[in-house]
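Step one of this worksheet: look at the structure below.
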Amino acid sequence: MYFSWERHLPTASGSELYTQDKVFTFNTVEIKVEPSFKVRNGAPMSIICHADISKSADFQLKYNFTIFKDRRLVFMTVSDTGDARYEVPVAKSSDTGDYQCTVKADKKTGSSDPVHVWVTGMTKPTLTADKRDVLEGEVVKLRCELPEEEPPLQFCFRKIKTNSTPRETCVPEPYTNFSVLEVSVEEGDNILQFDCFGRRNVKLEWEDSAHSNKTLVTVREPFIKPTLTTVPSSNVTEGDQIQFECSTVVVRMHDIEIILQKNKSILNSVQDKKLLRYSTVATLEDSGEYLCKVEQGGASKTTKLNVVVSELFPKPTLVASMTKLDKNKELILNCSINGFQKANFSIIRKNANGDIPLKNSQTLKMRVNVNDTGSYTCKAEVKGIVKESKPVRINVYAPVSKPTLSVAGGLPEVVLGKPLQLICHSVMGTPPKTFRFYKGDDVEKIVINDTYATFLDENIRLNDQRGYRCDARNNHSSGVKTSDILNVTVVVPVRDASLGSVPYGEVEDGSEIAFLCSVKEGSLPILFRFFKKTDNEVLLFEKIEHRDRAMWHKETMKRQDTGTYYCVASNRANVDVRSQPITISVILAAWKKGVVAALVLITIAGAGALALWWFLRKKKKAKGPSMEMSGSALAANLTSEKLARQPNDGDYYSGPDLESAEVEYTEVEVSTLDPHRAPVQKGTETVYSEIRKANNDSMENRHSRISGHPDAT
């Protein structure tokens, strides 16, 4: 950077000569700190800004110096030299920061790099307390202040007790240079001292101030530690009257409270009094540690006392003649105390709604029923002390009834391949009951339940002839009761249905047809259903058979009966098995074909005769009457000749010769089912069908057969 003044000088030729002077530039601007960049708190400090400038000549400049701390203006001055000093007579921690200097001369500006100055150490804080004389439980308010420091700060308060480590509490203060803390005065705080110190964070390092002045606080007791006593003080035995006394001496009676506790349970309490009394009849349960607590405001003091109560007599023992017995048997209950006879005994039955006294005696005899099952105890009383025995459980059993065994589905049958669920049920008898399931003589399952049990047999085999049975028992002495044997029928589902017909494939209009539906396997009886495949699947015929096949005769077939047929077979397994479909075409009968052909030929012959007649008539008119007679004779002759020759003219089918028709018989082999499983057994059943043969060479011989059926021959 430079700056210049131009001056115009005249020359001999009259022109002006331009010269340059007063040119300057900033080389550097820097900051120096005296005595150093790290200054102790309270020491003097100087911030010096120096501008190094180059000039073209010796001339004066005015320098405007501005010094910033943390980008905030702290000092300004104007100087004729290139130096300026910012004096800090007493450096404080708040003077710590980044300093930067800016110099302006004429229209030029130069700036230094920032320099960090650290004023080490903090000023000493001051501590004040709102009270110098307090009672236990009261609160002291402390104020710690650093008036010469700037936030954020942290204040730490210390509570100092004699012969103990100071207790320190720190409070952050991000916006103020003081902090207030309330401290509770506790029991045993006789003479207290408090002090505090400040803390700040500089470049991620904590710096602590010196500790403040110590403030002394005197503590007085609002009441003395309580005294806890018992009467009698020792040798307390069950049944003795025992009295507790808890007392204290207080400064102010207002809001004082005395509490007596045992195992955190409050036994008694008084308010605005300095003495508490509590009496009770001593029992073994009264042994233990007792606590007397006196409270007033926030102050609290306690005293503990351990009490031992001797046993007067042990707990009684209840003995039963039997704990498990049959209905109507005799039960004897006896209550006793080991080494102690003089007591009042009572026998009790426990109940959820309250104990039921049975007899005020040491012994009880009773003949039991099932309802007498339950828990029994006895009580013994001596000198007003009542003790109860441990409970004794009595179970009374009624015998089980003979169980019944049934199939969960109702009917005693199961589909082959499906699991079988059995239920064994015993109506009478006291639970729990033990059920056992048998398949033949093998025990398959043991179940313990109240009234019934279930068994799932997943291993069902076709030829398994073993029956099922179950037995039941409980703790009654009568023993086991066994059910009747249950035989279960195994239902074999229908398999492989097939459909055939006589005749097969084509049938003449008006003739009859027979459909045969059969299965390879399935338990009887079997329901056979015959369908014609349409949009709505029309059921044509159904029949229940005790064999593996069913026949359906349809006497008259019509043209609309042409279509696809199938059959469906099912039994108690409720599985529908569908056959492969067969197609039946209803064709025109042979005699109907002959009639149609004859009508066609007669029509053609009639048309020819008419044409000839018309031709002759026209010719006759042309030749006159002489030709008319010969034309008529000729026409008559031609007509007679035509009629005589008609059977031998042309090829047409007039239907079969019923007199010469031959009858053929076809033997069909079908299978017969076993009554239970219906396996395939070969037998012979003959189905006869008449087949007429036509003499016409254009007709094929049709043989009667059952086609598409597995048993067809």
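The values are calculated or read from the model by the stated rules, or taken from the named source; none is laboratory data. Just so you know, these numbers come straight off a predicted model, no measurement behind them. So basically every Cβ, Gly included, is an ideal-geometry build from the backbone, and we count neighbours across all protein chains shown. SASA here: full protein model, heavy atoms, side chains in, ligands and nucleic acids out. Shrake-Rupley method; radii C 1.70, N 1.55, O 1.52, S 1.80 Å.
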Next item on the list: Return only the number of the condition from (1) out of contact with any Phe, Trp or Tyr (no Cβ under 8 Å at 6 or more places or on another chain); (2) open to solvent by 20 Å² or more (accessible area, probe 1.4 Å); (3) part of a strand (DSSP E or B) that LEU305 does not satisfy.
Entry: (1)
Next item on the list: Kindly provide the set of residues from region 477-494 that are touching a strand residue (DSSP E or B) at 6+ places or on another chain (Cβ under 6 Å), open to solvent by 30 Å² or more (accessible area, probe 1.4 Å) and under 23 Å from PRO432 (Cα atoms), ordered by number.
Entry: SER477, VAL480, LYS481, THR482
Item checked: Enumeration of residues in region 216-253 that are open to solvent by 30 Å² or more (accessible area, probe 1.4 Å), in a loop (DSSP other than H, G, I, E, B), of a type outside the set (A, V, I, L, M, F, W, C) and over 27 Å from LEU142 (Cα atoms) -> LYS225, PRO232, SER233, SER234, ASN235, ASP240
Next item on the list: Of all residues in region 495-520, count the ones that are within 13 Å of ASN571 (Cα to Cα), β-branched (Val, Ile, Thr) and open to solvent by 10 Å² or more (accessible area, probe 1.4 Å).
Entry: 0
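Which of the residues that make up region 337-361 are of a type in the set (A, V, I, L, M) and part of a strand (DSSP E or B)?
Residues satisfying the conditions are ILE337, ILE347, ILE348, ILE356, LEU358.
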Margin query: THR176 - would you say it is closer than 30 Å to PHE244 by Cα, at pLDDT 90 or above and not assigned by the TED database to the domain that holds LYS69?
Written below: no
Notebook entry, point to check: Taking region 394-411, which residues are farther than 30 Å from MET366 by Cα, surrounded by 16 or more Cβ atoms within 10 Å (Cβ to Cβ) and among the aliphatic types (A, V, I, L, M)?
Noted result: LEU405, VAL407
Item checked: Residues satisfying the stated conditions in region 46-95, i.e. more than 15 Å from LYS108 (Cα to Cα), surrounded by fewer than 14 Cβ atoms within 10 Å (Cβ to Cβ), among the polar types (S, T, N, Q) and modelled with pLDDT under 90 -> THR81
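Within the group PHE541, PHE530, which residue is crowded, with 20+ Cβ neighbours inside 10 Å and without any contact (Cβ under 8 Å) to a residue 60 or more places away in the chain?
PHE530
Assess whether VAL414 counts as being farther than 30 Å from GLU285 by Cα, open to solvent by less than 20 Å² (accessible area, probe 1.4 Å), at pLDDT below 95 and more than 41 Å from the chain's Cα centre (by Cα). Give the derivation first.
Values: farther than 30 Å from GLU285 by Cα: yes; open to solvent by less than 20 Å² (accessible area, probe 1.4 Å): yes; at pLDDT below 95: yes; more than 41 Å from the chain's Cα centre (by Cα): no.
No; evaluated as a whole, the condition is false for this residue.
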Notebook entry, point to check: Which residues, counting only those in region 531-589, are of a type in the set (Ser, Thr, Tyr) and assigned to a strand (DSSP E or B)?
Noted result: THR564, TYR565, TYR566, SER570, THR583, SER585
Next item on the list: Please specify each residue of region 254-269 satisfying the condition of being in a strand (DSSP E or B) and either within 55 Å of the chain's Cα centre (by Cα) or touching a residue at least 60 places away in the same chain (Cβ under 8 Å) (or both).
Entry: GLU257, ILE258, ILE259, LEU260, GLN261, LYS262, SER265, ILE266, LEU267, ASN268, SER269
Checklist line | Filter result for GLY354 (within 30 Å of GLY288 (Cβ to Cβ) and outside the structural domain of ASN263 (by the TED database)) | finding: yes
Next item on the list: Among the residues of region 443-474, write down those that are modelled with pLDDT under 90, assigned to a loop (DSSP other than H, G, I, E, B) and closer than 30 Å to VAL396 by Cβ.
Entry: ASP450, THR451
Check: If you take just the strands (runs of 3 or more DSSP E) that sit entirely in region 53-139, which of them hold at least 2 residues that are of a type in the set (Phe, Trp, Tyr) and over 30 Å from GLU182 (Cα atoms)?
Finding: 63-69
Next item on the list: Out of the residues in region 508-520 that are part of a strand (DSSP E or B) and at pLDDT 90 or above, state the one that is farthest from ASP576 (Cα to Cα).
Entry: ILE513
Next item on the list: Output the strands (runs of 3 or more DSSP E) that fall wholly within region 149-201 and possess 2 or more residues being surrounded by 17 or more Cβ atoms within 10 Å (Cβ to Cβ), or say none.
Entry: 153-161, 178-184
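For (1) modelled with pLDDT of 90 or more; (2) touching a Leu at 6+ places or on another chain (Cβ under 7 Å), each residue gets a yes or a no:
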| residue | (1), (2) |
| --- | --- |
| PRO114 | yes, no |
| ASP130 | yes, no |
| LEU142 | yes, yes |
| GLU149 | no, no |
| SER164 | no, no |
| ASP195 | yes, yes |
Notebook entry, point to check: Do the conditions hold for THR280, that is, is it hydroxyl-bearing (Ser, Thr, Tyr), outside the structural domain of ASN475 (by the TED database), closer than 26 Å to THR377 by Cβ and part of a strand (DSSP E or B)?
Noted result: yes
